[in-house]
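As structure tokens, the structure follows; a few thoughts come after it.
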There are 2 protein chains.
Amino acid sequence: MDTTVGAIFAQGERSIKVPVPVYIRASASVVGTKEGQGPFGDCFDVVGMDDKFGCDTWEEAESTLQKEALQIAIGKSGLKKDEIKYLFAGDLLGQSIASSFGLGSFQIPLVGMYGACSTCGLTMSMAAMLIAGGMAEHAACVTSSHFASAEKEFRFPLGYGNQRPLSATWTVTGSGAFILSGVKSEKDRAMIDGLTIGKIVDFGLKDSMNMGACMAPAAADTIYQHLADFDRKPSDYDKIITGDLGSVGQKALWDMMREKGMDISKVHMDCGMEIYDQSQDAHAGGSGCGCSAVTLSAYILKQMEEGKWKRVLFVPTGALLSKTSFNEGQSIPGIAHGVELVNCK
Amino acid sequence: MDTTVGAIFAQGERSIKVPVPVYIRASASVVGTKEGQGPFGDCFDVVGMDDKFGCDTWEEAESTLQKEALQIAIGKSGLKKDEIKYLFAGDLLGQSIASSFGLGSFQIPLVGMYGACSTCGLTMSMAAMLIAGGMAEHAACVTSSHFASAEKEFRFPLGYGNQRPLSATWTVTGSGAFILSGVKSEKDRAMIDGLTIGKIVDFGLKDSMNMGACMAPAAADTIYQHLADFDRKPSDYDKIITGDLGSVGQKALWDMMREKGMDISKVHMDCGMEIYDQSQDAHAGGSGCGCSAVTLSAYILKQMEEGKWKRVLFVPTGALLSKTSFNEGQSIPGIAHGVELVNCK
């Protein structure tokens, strides 16, 4: 192996082929009631009895989601807490308080990350690169969102009862945790093979009730870049899976990819469009850090373990707004991070 | 070089000896008027004429600080923008909007990070590890804070004119940007030799007007761990430099270190206590992501370049609160990340 700095790892302009195998050894998903009633209801590790998870506030409830998810994932991994060198974590709340108050008790060195709803992809990318670079044997990644804490943070108090347009998405109450390792194990659910860190893409859209459209350009940019860097076409993947574009964003993504000469409609799936069914009144679909994270843990990795999918490009998508930037009339830039997963059974 | 995953890199429990030289090739600091009037006034690259930096809002002004600092740092590095593979960035505002709106135009893949006022240390740690692991040749790190946007985000509107107790710190208006590289150059200001990623440390303190005391336990934990992992004593360093503990936090840190059997008083410096002088009415000192970042760029690296300091432990400190967690009666946990710098001339 050539270890000259930067020598063999950078392929193409932006993507990285992970130079040493990095495995997702274990994962866990903890969700709220609405998610439990959805199509993946039976696949989650824990479905809460009520969305406060025994806490006094929505923020504490979200912290509890993270704590539970990480605890279960570590348990499944067969590792001791002390063997996990770094914990990569983030959420949607201001100053990432769901993570700060959820993960302190683990006493694992914490790398706080923010990528809005793309954070799951960002944490896994950083963990994979650190493991591949020999900086750690094992690392953990946790992200979460909660419908009620997100509405309070970004939109209106729940008691206000505002009407949501059909382009709006419903923030998923859930947390997904992943244990990544450089050491092969029989437990491994999939392998991380390639990474494409996203750029900020801003088409100037300003409608926070249509986040799918705001994020679609970033998803298109990252997917296109990933395929170009590795010289592949959409059909080389069993699935190309975005995080939370919803039905409006999906259409925009497909159109933008067609403009670039690529039809991804046959292999594209959006976590936000799968996590709820039509009867659940989620409008354009699910969203939030938790949406892609729990779908990855509960559904995507299950398909890969069972050999139904061999190669998947997982692209969580984030909208980089805050209520302050929105109220000040700023646009809503997007970002999307691509993680290429391959079957390892 | 042994490339077995995790083989030679982990030294001690938590710290990492950076296995391949990583250099700080260039850096820049952009600050506001008050910082320009302080002791380091002549050392900063840019001192703004007014704290709005020509913008309509405080948030946009903070974004402008980041944009200017990164632009200048890239210029000094002699690198082209395209040669910088990753941009690690974060700030104190909810959803890190100073970074999201300040850095989009650079079109460099963005890794968003959150470590409160410790973010400068976190971004440099991640960039150094990725470079040392061969995932990039060059990477950039940017952090910022702004007095007015931080007061609005965490405390009271400026117009309210609240009184600040003497234990309070003054958020630094400033941004520091750093270009890290795995390729040696004559420009290099210092080398990154060791890293200690912090854990969340929560002593249960709840006074947001005394952040120094809230963060001191985390600083003590990281400094103690760093010294223990590398089997060193405080006098092995020319300086051990915390980010923004201020005068109250410094006393707490010294006491806690003495309890652990280590006297750091002879080598300790706190950026927050140096950036303003007594006449500037900053009370316990300066604080914010920008405080440690601009002091590192303008003052610390200058001392190292001039050979006055050979080995420095740089430990930015962060308080992991939000106004929501504060208003809900939560404690203020701290975190501190240690970056060991050595002279490379």
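All of the numbers you see were taken from the coordinates with simple rules; none came from a lab. Since we're looking at a predicted model, the values are computed, not measured. No Cβ is skipped: glycine too gets one built from the backbone with ideal geometry, and neighbour counts run over all protein chains shown.
Relative to the current alpha-carbon distance between residue A:156 and residue A:327, full extension at 0.36 nm per residue lengthens the span by 60.3 nm.
Among beta bridges from DSSP that stay inside the protein assembly as shown, the antiparallel ones total about 65%. Over chain B, the fraction of Cα-Cα pairs per 10 Å bin, rounded to whole percents and listed from the shortest bin up, is 6, 29, 37, 22, 5, 0. With point charges of +1 on the Cβ of Lys and Arg and -1 on the Cβ of Asp and Glu, referenced to the Cα centre of chain A, which listed residue (A:253, A:127, A:319) lies farthest in the positive direction of the dipole? Positive-end residue among those listed: A:127. Highest-first packing order for the peptide set A:138-145, A:265-272 is A:138-145, A:265-272, based on the mean count of other beta carbon atoms within 10 Å. Peptide B:117-130 shows a mean partner chain C-beta count of 3 within 10 Å per residue C-beta.
Considering every alpha-carbon pair of the protein assembly as shown, the percent of pairs per 20 Å bin, from zero through the bin containing the longest distance, is 21, 57, 21, 0.
In this Cβ point-charge picture (+1 for Lys and Arg, -1 for Asp and Glu), segment A:15-181 has a dipole of about 420 debye about its Cα centre.
Given the options A:260, A:81, A:199, state which has the largest fluctuation in a GNM of chain A using a 10 Å cut-off (strictly under) for Cα springs. Of A:260, A:81, A:199, the Gaussian network model singles out A:260 as fluctuating most.
Within the straight-line cut-off of under 27 Å between alpha carbons, the lysines reachable from residue A:233 are A:17, A:199, A:251, A:260, A:266, A:302, A:308, A:310, A:345, B:85, sequence neighbours fewer than 8 places apart in one chain being disregarded. First select every other residue whose beta carbon is under 12 angstrom from the beta carbon of residue A:248; then total the charges, Lys and Arg +1, Asp and Glu -1. Residues near residue A:248 contribute -3 overall. Among beta bridges identified by DSSP and lying wholly in chain A, the antiparallel ones come to about 65 percent. Listed by number, the DSSP H helices of chain A that run 24 Å or longer by alpha-carbon position along their axis and have mean Kyte hydropathy of at least -0.5 are A:211-229.
Peptide A:321-328 has a mean of 6 when you count, residue by residue, the C-beta atoms of other protein chains within 10 Å of its C-beta. Length gained on full extension, residue A:37 to residue A:255, computed as 0.36 nm times the residue gap minus the Cα-Cα distance: 75.3 nm. What FRET efficiency do you get for residue A:303 and residue B:184 if R0 is 45 Å and r is their Cβ-Cβ distance, rounded to the nearest 0.05? Computed FRET efficiency for residue A:303 and residue B:184: 0.45. Please tell me which of these pairs span more than 24 angstrom C-alpha to C-alpha: B:76/B:184; B:81/B:187; A:67/A:152; A:80/B:323? Where the Cα-Cα span goes over 24 Å, the pairs concerned are A:80/B:323.
Nearest beta carbon of chain B to the B-to-A rotation axis, with distance in whole angstrom: B:133, 1. Note on chain B: GNM, Cα springs under 10 Å; of B:80, B:308, B:187, the largest mean-square fluctuation is that of B:80. Each other copy holds its own label point for residue B:251; taking that point as 7 Å from Cα along Cα to Cβ, the gaps run 6.5 nm, nearest first. Around the Cα centre of chain A, unit charges on the Cβ atoms of Lys, Arg, Asp and Glu (plus for the first two, minus for the last two) sum to a dipole of about 520 debye.
Considering helices alone, the calculated mean residue ellipticity of chain B at 222 nm is -9000 deg cm²/dmol, with DSSP H runs of length four and up weighted by -39500 (n - 2.57) and normalised per residue.
With the label put 7 angstrom out from Cα along the Cα-to-Cβ vector, residue B:49 ends up 6.5 nm from the copy partners, going from closest to farthest. Peptide B:194-203 has a mean of 4 when you count, residue by residue, the C-beta atoms of other protein chains within 10 Å of its C-beta. Of the peptides B:318-329, A:150-161, the order by per-residue mean of other Cβ atoms within 10 Å, starting with the highest, comes out as B:318-329, A:150-161.
Classified by the C-alpha gyration tensor, segment A:154-299 has an oblate form. Its axis ratio a/c, with a ≥ b ≥ c, is 1.5 or above, and a/b does not exceed b/c. Of the residues B:91, B:244, B:207, the one that moves most in a GNM of chain B with alpha-carbon contacts below 10 Å is B:207.
Most simply put, segment B:22-181 has about 55% antiparallel DSSP beta bridges, counting only bridges with both residues inside it. Take residue B:75, move 7 Å from Cα toward the beta carbon, and the resulting point lies 5.7 nm from the same point in each other copy, nearest first. Here the spin labels are modelled as points 7 Å beyond Cα on the Cα-Cβ line, and at residue A:310 and residue A:164 they lie 3.9 nm apart.
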